[in-house]
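S.K.: Got a structure for you, written out below as structure tokens; questions coming shortly.
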């Protein structure tokens, strides 16, 4: 992509009403635009990052046997009455049409997936079933003040597994724990993310969270460094020992919840009478679990963990581009070299943002490159052209070095 054609432009100052690093940097660097509190537009650079995250999650969910569907965001009140959550869920958006018929804007999809599967599951032979979707959710969030970390409209992956017995559910649940760890490692926050014992809210007594340690976190976790297990501060009063190794020596940290999984027991199966017949012909409720990841929240967490005072430092797997190519001299001979390199990188299927602008100083280009945070910065200038070399620098390293074009293509 040519940077001269990219919109919008970067901003020198952070928005005054944004206090989180992820919001300040993503807005300044032109990744997102704030419509109102908790609601953002993903601009070309931000959309590319979001799609990279989405593709990582999709690959892992399909690898776990999940089949992707897409459910409606507009949901009938009747389904929410059956679960009792129309009256009890305090962040539910409730709307009426011109005929006074009431609907919910989906914050989650248990009220849709369970009655749907009642049409398809009748026997133990129909189980297990694994389905997931990636879709916009809506929640009446009154504390929408942390950029992408806490939104009113947000993109979420929700995955549901349906089983004939608890043993099969527990086996699959353990598999998904490992898959979630792989998702966060691929996204670039694996080292900072801990599997966390947590309260279960409306579904069960306990659940499991994945918490990414950062000063921007709104949660507090107590980490056992021996086994990388953590306990959410809300249940720490009753669980003072590590569930994994039994030790009581913890490190207290702020963290962001980037994923949540929990066993549903019979809650929604009973609400919608979702049953199957076992091998002996006896009717039983389907055993279930669900697994969620907020894509925008994960993107925000990646920025919170990976930035410095100059800007974002994108992990390679989710970066909008792999190379940021900077042209520092508009002399025709130099520009031709940069243009040729841009075409060669594209032919090699290497994603590249080419700063071809002729009305921006070298200092501004370097500053914007640091702000945007693409993993590799490659410079074509009079100095490098004279040596028939290119200057390359990784975003997370201090020093640049000179290499040939052949070496660059091999390196990246």
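The values are calculated or read from the model by the stated rules, or taken from the named source; none is laboratory data. This is a predicted model, so every value here is computed, not measured. Every residue, glycine among them, receives a Cβ derived from its backbone with ideal geometry; neighbour counts consider all protein chains shown.
S.K.: Only one of these is surrounded by fewer than 14 Cβ atoms within 10 Å (Cβ to Cβ), modelled with pLDDT of 95 or more and over 28 Å from the mean Cα position of the chain (by Cα): 381, 361. Name it. Write out each step before concluding.
M.R.: Numbers: 381 fails: surrounded by fewer than 14 Cβ atoms within 10 Å (Cβ to Cβ).
Selected residue: 361, the only one of 381, 361 that is surrounded by fewer than 14 Cβ atoms within 10 Å (Cβ to Cβ), modelled with pLDDT of 95 or more and over 28 Å from the mean Cα position of the chain (by Cα).
S.K.: Looking at 155, 149, which one is under 16 Å from the mean Cα position of the chain (by Cα), at pLDDT below 95 and farther than 17 Å from residue 289 by Cβ? Spell out how you get there, then give the answer.
M.R.: On the way: 155 fails: at pLDDT below 95.
Result of the check over 155, 149: 149.
S.K.: Taking interchain pairs and intrachain pairs at least six residues apart, which have beta carbon atoms under 6 angstrom, with the first residue in the stretch 102-123 and surrounded by fewer than 21 Cβ atoms within 10 Å (Cβ to Cβ) and the second assigned to a helix (DSSP H, G or I)?
M.R.: 102/77
S.K.: Now for a separate question. Just checking: which of the strands (runs of 3 or more DSSP E) contained wholly in the stretch 331-412 hold 3 or more residues that are touching a residue at least 24 places away in the same chain (Cβ under 8 Å) and either in contact with a strand residue (DSSP E or B) (Cβ under 6 Å, 6 or more places away or on another chain) or under 19 Å from residue 45 (Cβ atoms) (or both)?
M.R.: Working: elements: 352-355, 376-380, 390-394, 401-403.
Passing ranges, in order: 352-355, 376-380.
S.K.: Residues in the stretch 276-308 that are over 30 Å from residue 29 (Cα atoms) and touching a residue at least 60 places away in the same chain (Cβ under 8 Å): how many?
M.R.: The number of residues fulfilling the criteria is 11.
S.K.: If we scan the stretch 99-110, do we find a residue that is out of contact with any helix residue (DSSP H, G or I) (no Cβ under 9 Å at 6 or more places or on another chain) and over 24 Å from residue 142 (Cα atoms)?
M.R.: The answer is yes, given that some residue of the stretch 99-110 is out of contact with any helix residue (DSSP H, G or I) (no Cβ under 9 Å at 6 or more places or on another chain) and over 24 Å from residue 142 (Cα atoms).
S.K.: Right, another one. Take the stretch 279-290 and flag every residue that is in a loop (DSSP other than H, G, I, E, B), at negative phi and exposed (fewer than 13 other Cβ atoms within 10 Å of the Cβ).
M.R.: Result: 279, 280, 282.
S.K.: So, one more: Under 23 Å from the mean Cα position of the chain (by Cα), within 24 Å of residue 294 (Cα to Cα) and surrounded by fewer than 18 Cβ atoms within 10 Å (Cβ to Cβ) - does that describe any residue in the stretch 77-91?
M.R.: The answer is yes, given that some residue of the stretch 77-91 is under 23 Å from the mean Cα position of the chain (by Cα), within 24 Å of residue 294 (Cα to Cα) and surrounded by fewer than 18 Cβ atoms within 10 Å (Cβ to Cβ).
S.K.: For residues that are farther than 25 Å from residue 89 by Cβ and either in contact (Cβ under 8 Å) with a residue 40 or more places away in the chain or outside any strand (DSSP E or B) (or both), scanning just the stretch 187-197, find the one that is nearest to the chain's Cα centre (by Cα).
M.R.: Filtering the stretch 187-197 for residues that are farther than 25 Å from residue 89 by Cβ and either in contact (Cβ under 8 Å) with a residue 40 or more places away in the chain or outside any strand (DSSP E or B) (or both), the one nearest to the chain's Cα centre (by Cα) comes out as 187.
S.K.: In addition: With respect to residue 50, is the statement that it is modelled with pLDDT of 95 or more, more than 30 Å from residue 166 (Cβ to Cβ), crowded, with 16+ Cβ neighbours inside 10 Å and out of contact with any helix residue (DSSP H, G or I) (no Cβ under 8 Å at 6 or more places or on another chain) true?
M.R.: no
S.K.: Starting from residues that are part of a helix (DSSP H, G or I) and either modelled with pLDDT of 95 or more or out of contact with any helix residue (DSSP H, G or I) (no Cβ under 9 Å at 6 or more places or on another chain) (or both), keep the ones in the stretch 257-271 and report whichever is surrounded by the fewest Cβ atoms within 10 Å (Cβ to Cβ).
M.R.: Taking the candidates together, the pick is 270.
S.K.: Please specify each residue of the stretch 328-346 satisfying the condition of being within 16 Å of residue 361 (Cα to Cα) and surrounded by fewer than 13 Cβ atoms within 10 Å (Cβ to Cβ).
M.R.: 330, 331
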